[in-house]
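Have a look at the structure below before the remarks.
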Amino acid sequence: MKAIKITYWITTVIVAIMMVYSAYAYLTQDAMLQAFRHLGYPDYFRVELAIGKLIGAILLIAPVSARIKEWVYAGFIITFVSAFIAHSASGDPVNYRVMPVIFLALLITSYITYHKS
């Protein structure tokens, strides 16, 4: 049981930190503005996604109801799958396509261990 809790917290914190960092980058780095334009997304979507990631990261760590946690996991799964599809469709290099898959695997591990603990 202790290993499950440790695995849960490690994977959850990694995902939350990555989401907070990407939200910060979306709002502050010009390279992210260019990346969203490259993918064909409007500028307001970058801001909306940054806010959603920040809220989701907080709710992923916070002691909230199971229903809210389920929605956070669902939202992040949609985000990672969509990122993989967008980068694949735009012809981006493999490392841009692999990172969402890696974080999806971490998120799935977090989800499974959340339900086991």
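Any chance segment 76-98 includes a residue that's among the charged types (D, E, K, R) and at pLDDT below 95?
Within segment 76-98, one or more residues are among the charged types (D, E, K, R) and at pLDDT below 95.
Tell me whether segment 2-24 contains one or more residues that are among the basic types (Lys, Arg) and either crowded, with 17+ Cβ neighbours inside 10 Å or more than 28 Å from Lys116 (Cα to Cα) (or both).
No - not one qualifying residue is present in segment 2-24.
Select, from Ile10, Ile4, Ile68, Ile77, the only residue that is more than 11 Å from the chain's Cα centre (by Cα) and touching a residue at least 12 places away in the same chain (Cβ under 8 Å).
Ile4
Identify, from the list Leu107, Leu54, Leu60, the residue that is touching a residue at least 24 places away in the same chain (Cβ under 8 Å) and open to solvent by 70 Å² or more (accessible area, probe 1.4 Å).
After ruling out the rest, the residue left standing is Leu54.
When segment 34-51 is examined, which residues are found to be open to solvent by 50 Å² or more (accessible area, probe 1.4 Å) and within 29 Å of Lys5 (Cα to Cα)?
Ile51, the sole residue that qualifies.
Among the residues of segment 75-100, what is the count of those that are surrounded by 12 or more Cβ atoms within 10 Å (Cβ to Cβ) and assigned to a helix (DSSP H, G or I)?
Total meeting the criteria: 18.
The values are calculated or read from the model by the stated rules, or taken from the named source; none is laboratory data. Since we're looking at a predicted model, the values are computed, not measured. A quick note on method: Cβ atoms are made from the backbone with ideal geometry, for glycine too, and the neighbour counts reach across all protein chains shown. These accessible areas exclude ligands, DNA and RNA; they are computed on the full protein's heavy atoms, side chains included. Shrake-Rupley method; radii C 1.70, N 1.55, O 1.52, S 1.80 Å.
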